[in-house]
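Below is one structure; the comments refer to it alone.
Since every read-out is calculated from the coordinates, none of them should be taken as a lab result. Remember, it's a predicted structure, so these values are computed and weren't measured experimentally. Glycine gets a Cβ as well: all are built from the backbone with ideal geometry, and neighbour counts include every protein chain shown.
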Amino acid sequence: MKTIEPASRLSAERARRSELRRGGLGLLAGIVLLMWLVEVINALDSYKLDGDGIYARNVGRLWGIFTAPFIHANFAPHLLDNTIPLVFMGVIIAMRGAARLALVTLIVIVVGGVGTWLISPAHTSTGVPISTIGASGVVFGYAAYLLTRGFFDRSALELLTGLIVGVIWGGALLASIVPHAGVSWQGHVSGAIGGVVAACVLRRERPPARAARRGHGEAAGAPSK
């Protein structure tokens, strides 16, 4: 039987983690690149893609849930202001690998998008249909995921990471929930809910320690045959 030395196991674990991080960062770079590429196309097309966002309670435009996060009204401040926190928080999530980043992003987009579709106003005061666009819902989702995953995973390190995120971005995020003209606070709140759902769904399962200890104790005390 072949045995693996502790040093070899440690080296293999480091290689695995390094591969996970590279995959996660590569996916994050792809997401950001896609956002900027779509914005270039949008600008060249006189921002006609702005109409491909989320239209509240319009069943025929449900597909806008998946396109809205990649469409922005302009490069600055809209796209730039979303890109900076998305990259900052996305890098932290990407450290767990491409699969984790993809799942968190998908859950946030779906839950946040459906929430926005349900509670956003359908028209302006003048009767013009409203299209909600932008990655700010994903940003709020990432933030809420990082803020709450430590509670679900019962991890002190993750709680500390969430605290750091809260200190750096908490004020700006809370200010964005206050209703402003032209800003979808509904999308922000819905995205944050999506982040909490992602943290709950993807929580790390732990074995019941007490039951395990009890089982070991019974085995130790059992009479030998």
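Couple of notes before you dig in:
- Fluctuation leader among A199, A135, A175 - the chain, Gaussian network, Cα springs under 10 angstrom: A175
- For the range 4-49 versus the range 104-122, the inter-centroid distance based on Cα atoms is 23 Å.
- Efficiency of FRET from Cβ geometry, W63 and R9, R₀ 41 Å, rounded to 0.05: 0.30
- Note on the chain: dipole from Cβ charges, positive end direction compared against G64, F151, V87; the farthest Cα belongs to F151.
- The phi-based Karplus calculation (6.51 cos²θ - 1.76 cosθ + 1.60; θ = phi - 60°) puts the 3J(HN,Hα) values of the range 157-168 at 5, 5, 5, 5, 4, x, 5, 5, 4, x, 5, 6 Hz, whole numbers, x for Gly and Pro.
- Among I119, I65, I54, the residue with the largest mean-square fluctuation in a Gaussian network model of the chain, with springs joining Cα atoms closer than 10 Å, is I119.
- Take the Cα radius of gyration of the range 111-186 and divide it by 2.2 N^0.38 Å, N being the number of residues; the result is 1.34.
- Structure remark: mean-square fluctuation, Gaussian network model of the chain, C-alpha springs under 10 Å; the largest value among S136, S125, S176 belongs to S125.
- Sparsely packed trypsin sites (Lys or Arg not before Pro) within the range 96-205, loop by DSSP, other Cβ within 10 Å at most 12: R154, R204
- Share of pairwise Cα-Cα distances greater than 22 Å in the range 56-152 is 34 percent (whole percent).
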